[in-house]
Every structure is written in structure tokens, then in C-alpha cells.
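**Student:** Below is a structure I'd like to ask you about.
The values are calculated or read from the model by the stated rules, or taken from the named source; none is laboratory data. No experiment lies behind these values; they were computed from the predicted model shown. As a convention, Cβ positions derive from the backbone with ideal geometry for all residues, glycine included, and neighbour counts pool all protein chains shown. Only protein heavy atoms, including side chains, enter the accessible area calculation; ligands, DNA and RNA are left aside. Shrake-Rupley method; radii C 1.70, N 1.55, O 1.52, S 1.80 Å.
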Amino acid sequence: MTTRLNAGISINNPADLVAAVPPMLGFAPTNSLVLLTIHDLPDTPRFGTTMRVDLPCPGQRSQLAAHLLAGPLRTHRPDAVVMVVVGDQTNRERCAVECPGSEVCQDTVDVDGSPPHRELVDVVGDAFAFAGIATLHALWAPEIRAGADWACYSSPDCCGKIPDPKLSTIAAALTAAGVVTFGSKDELRELVAPESDEALARRSARIDALTDELDEACGPDRTSHDLKAVFSAIRRTAEGAALTEDDLLRVMIAVSDTRVRDVALGAALGESSDAAEQLWLTLVRKAPAPELADVASLLAFSAYLRGDGGLAGVALERVEKTRPEHRLGMLLRQALEAGIPPSDLSVIARDAAEDARLMIEEDGAW
């Protein structure tokens with residue numbers, strides 16, 4: 001889920017709402033239920049948060065609605081939502097694997113000719129209505145691309161072709177802000193994909209050797225040197241200066257100290273936030289385990305604060321695959337699932353960075 005830049009778009013134009021989904025999420029979703037929250041009705045309606053979940057199996061529809069109401073919708077308290085279902089006429093194959101033995105072998109096409117997954121929309125919409133959240137539109141598309149079909153669940157006459165998502169008002173605003181929209185979530189995953197096993201193994205051996213060298217050279221003043229290495233790398237990245245591989249390895253080692261990492265979280269709150277995120281993104285591709293988890297968590301936090309839940313999510317996938325017990329990764333995943341606003345998370349990060357600074361000061365290393 002993600003909170004994205006607001007831009008002018010009519011909530012009365014369903015085609016434009018469907019086209020806005022990929023730039024709002026950061027990628028074009030597939031087999032998904034997407035919710036766009038709407039606030040400040042009826043006077044000055046505005047978008048709030050964009051949420052995406054996998055299409056559930058039939059037996060899990062009520063459970064999904066309860067999860068959304070207990071988590072992100074409870075946090076954001078919208079006046080209304082726009083539901084966009086993305087997926088073809090059946091999710092039989094996927095559900096047969098995920099929910100064997102249930103009623104998943106039934107096609108999701110409704111006999112009355114309405115769009116697929118109608119029962120999902122009815123179950124979720126009824127649950128939202130009971131909680132006082134109106135469904136402004138319920139829309140369907142097999143995929144979100146220029147020229148694809150879209151339809152309303154409310155009326156057979158409400159349908160058409162999707163305009164080019166890349167040319168939407170929101171896409172233009174996000175592009176101007178430097179936000180990239182990916183063709184799929186897999187493309188987004190490629191952005192944080194690791195380099196070759198050979199390169200990772202070589203760096204792992206070099207990290208072991210460099211750690212021994214640092215322990216011998218820095219002694220008790222090691223934490224101070226670690227902090228200087230991290231913030232020097234961020235500053236040089238901001239200046240466009242090239243970093244050597246040893247510079248990058250030095251940062252990986254430094255942020256493996258949780259106190260240094262927590263101070264580094266604060267980089268996402270200041271003027272150097274873009275440079276810090278660029279550095280974390282570079283490190284995610286190059287870091288071996290176990291150092292990967294810390295740099296991927298820093299990237300996830302930075303992306304989350306910027307409102308890019310898609311990038312935060314794929315960064316956390318890498319944390320969870322490498323170190324599922326990683327505490328910061330677990331906390332960020334919980335925040336993402338609960339829909340905690342980035343502004344709230346920034347306060348938590350500021351406090352964590354300050355606590356880490358105090359601990360370092362007490363050790364005499366600040």
C-alpha cells in the first residue's frame with residue numbers, strides 16, 4: 001500500500017480512476033483488489049491511500065473485508081472508497097493451489113453477465129457500508145493498460161476502454177516529482193534483485209576481512225568511525241561522487257550495528273533523503289547476507305516515508321527471505337499492513353534515531 005501525491009482528477013470519471021491505479025501504486029497490478037480511499041466528502045474530495053491485496057479465494061472474502069476494516073481503513077478513516085478489481089474471468093488455477101478442497105473450482109463469472117468477482121465486491125462493499133464507509137465506485141478491468149476494457153458493477157451501460165495510464169493527470173504529476181511507474185510488480189522486484197552469487201560471495205569474504213581490519217584499527221572508537229563512514233557516503237552520493245566497492249562495504253558493515261542503523265534512519269527525514277535512498281538502493285543489490293537485511297530495511301523505510309509502498313514492499317520481501325526475524329523489517333511490515341501514515345512513522349523514526357544517538361553518546365563514541 002502507498003500514499004501518493006495528490007493531483008486533480010474527477011472522481012466522477014471511472015475510466016480515469018482505473019487509469020490512475022498504476023501510477024498511484026507504482027506498478028500495474030494483476031489479480032488484485034485495489035482500494036482508493038476518498039476523504040473530505042462532499043465538499044472537497046481528495047485521495048488518501050491506495051491499497052492493493054491479492055484477489056482472495058471465495059471462502060476468504062469476509063475474512064479479507066474484516067482485515068481491511070481492522071487495519072488500514074481503521075487507521076485512515078475514509079469517507080468512501082473506490083474499488084477496482086483487476087483480473088480475468090477466473091482465478092481458478094491460483095486458488096486451486098492456495099485453497100485446495102474449497103469451492104475455488106467454481107468460475108468467478110456471474111451468470112447475469114456482470115463483471116467477474118461480483119460476489120467479492122458485494123461482500124466487501126456490504127462490510128464497508130456496515131462500518132460507515134461508502135463505496136463510491138466498484139470497477140473492474142482484466143488488466144490496466146491503454147485500450148483494455150473496464151466496466152462498472154453498478155450498471156451494464158457503465159463501461160468503456162481504459163485511457164493510457166502513462167498519460168493520466170496523476171501519472172504526469174508523479175513523473176514530474178521523479179516517481180517511476182513499473183509495468184508490473186515483477187519489474188519492481190528486479191530493481192532490488194541481487195547481483196550474481198559469485199559477486200555476493202566475494203563481497204562476503206571481503207566484509208569478513210575488512211571487519212577484522214576495522215576492529216584492529218578503530219578499537220573502542222569504532223562506532224564513531226562507522227557513523228562518519230555512513231554519512232560521508234550519503235554526502236558524496238548527493239554530490240555525484242563515485243563510491244568505491246570498499247566504500248560500499250564499509251557502509252554495509254557500519255549499519256549492521258543497530259545503533260548506527262537507527263541513526264541512519266534519520267537521513268530519510270532531511271535534505272539528504274534522496275541521496276540516502278539512492279545509496280540504500282545500490283547496497284541492496286550488492287549486499288550479501290546477513291548485511292542485506294539492514295540495508296534493505298533502510299531502503300524500505302525511506303521508500304515508505306516517501307509514500308512508495310510498492311518499493312517498500314519488495315525491499316521487505318528481501319529482508320524476510322534473508323532474515324525473517326529481523327526486528328526492523330518486522331516492524332515495517334506491520335506498519336505497511338496496518339496502513340500507518342508516513343507522517344506517523346517519521347515521528348517513530350526520529351525518536352529511534354535520537355535514542356540511538358543517546359546510547360552512542362553514553363558510550364563516548366558520538
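**Student:** How high is the relative contact order of the chain, in percent, counting Cα pairs under 8 Å that sit 6 or more residues apart? Could you put the intermediate results ahead of the total?
**Tutor:** Values: 621 pairs, mean separation 65.5, N = 366.
Relative contact order, the chain: 18 percent.
**Student:** While we're on this one: In square angstrom, what is the accessible area per residue of the range 204-350 with a 1.4 angstrom probe?
**Tutor:** Working: 6120 Å² over 147 residues.
I get 42 Å² per residue for the range 204-350.
**Student:** At 222 nm, what helix-only mean residue ellipticity would the chain give, in deg cm²/dmol to the nearest 500, using -39500 (n - 2.57) for each DSSP H run of four or more?
**Tutor:** Values: 16 runs with 196 residues, N = 366.
About -16500 deg cm²/dmol.
**Student:** Could you calculate the contour length gain from ASP208 to VAL347, that is, 0.36 nm times the residue separation minus the distance between their Cα atoms, to one decimal place in nm? Don't skip to the end; give the middle numbers.
**Tutor:** On the way: separation 139, 0.36 × 139 = 50.04 nm, distance 3.50 nm.
Gain in length upon complete extension: 46.5 nm.
**Student:** Another question, then. So, taking all protein chains as they sit and a 1.4 Å probe, how much accessible area belongs to VAL319, in Å² rounded to tens?
**Tutor:** 0
**Student:** Give me the accessible area of PHE182, 1.4 Å probe, in Å² rounded to the nearest 10.
**Tutor:** Answer for PHE182: close to 40 Å² accessible.
**Student:** Considering only protein heavy atoms, with the full assembly of protein chains and a 1.4 angstrom probe, order VAL123, VAL85 by accessible area, largest first. Write down the numbers at each step before the final one.
**Tutor:** On the way: VAL123 40, VAL85 0 Å².
Heavy-atom accessible area, descending, gives VAL123, VAL85.
**Student:** If you build the convex hull over the alpha carbons only and average its shadow over all orientations, what do you get for the chain? Give it in nm² to one decimal. Mind dumping the intermediate values first?
**Tutor:** Working: hull surface 80.2 nm².
The number I arrive at for the chain is 20.1 nm².
**Student:** Which one of PHE47, TRP280, ALA264 has its Cα pushed farthest toward the positive end of the charge dipole of the chain, where Lys and Arg give +1 and Asp and Glu give -1 at the Cβ?
**Tutor:** PHE47
**Student:** I would also like to ask the following. Name the residue, out of ASP43, ASP226, ASP344, whose mean-square fluctuation peaks in a Gaussian network model built on the chain with Cα pairs under 10 Å.
**Tutor:** ASP43
**Student:** LYS161: accessible area at probe 1.4 Å, nearest 10 Å²?
**Tutor:** 130
**Student:** Among SER343, SER204, VAL192, whose Cα sits farthest toward the positive end of the charge dipole of the chain (+1 at Cβ of Lys/Arg, -1 at Cβ of Asp/Glu, about the Cα centre)?
**Tutor:** Positive-end residue among those listed: SER343.
**Student:** Filter the cross-link list LYS166/LYS321; LYS185/LYS286; LYS228/LYS286 down to pairs whose alpha-carbon distance in this structure exceeds 28 Å.
**Tutor:** Working: LYS166/LYS321 32 Å; LYS185/LYS286 21 Å; LYS228/LYS286 21 Å.
Long pairs (Cα-Cα over 28 Å): LYS166/LYS321.
**Student:** Go through the range 74-79 residue by residue and turn each phi into a ³J(HN,Hα) via Karplus (6.51, -1.76, 1.60, θ = phi - 60°); whole Hz please, and just put x for glycine and proline.
**Tutor:** 5, 5, 8, 6, x, 7
**Student:** Spin-label point model (7 Å from Cα, Cβ direction): what's the ASP149 to ALA289 distance in nm?
**Tutor:** 4.5
**Student:** Carbon and sulfur: what percent of the chain's accessible surface (1.4 Å probe)? Show your work: numbers first, answer last.
**Tutor:** Working: 8670 of 16950 Å².
Ligands and nucleic acids excluded, carbon and sulfur give 51 percent.
**Student:** Could you give the size of the charge dipole of the chain about its Cα centre, using +1 on the Cβ of each K and R and -1 on the Cβ of each D and E, expressed in debye and rounded to the nearest 20?
**Tutor:** Numbers: 34 positive and 55 negative charges, 100 e Å.
Dipole about the Cα centre, nearest 20: 480 debye.
**Student:** Another question about this same structure. Net charge around SER32, counting only other residues with Cβ within less than 11 Å of its Cβ (Lys, Arg = +1; Asp, Glu = -1)?
**Tutor:** On the way: positive: ARG52, LYS185; negative: ASP54, GLU143.
Here the count lands on 0.
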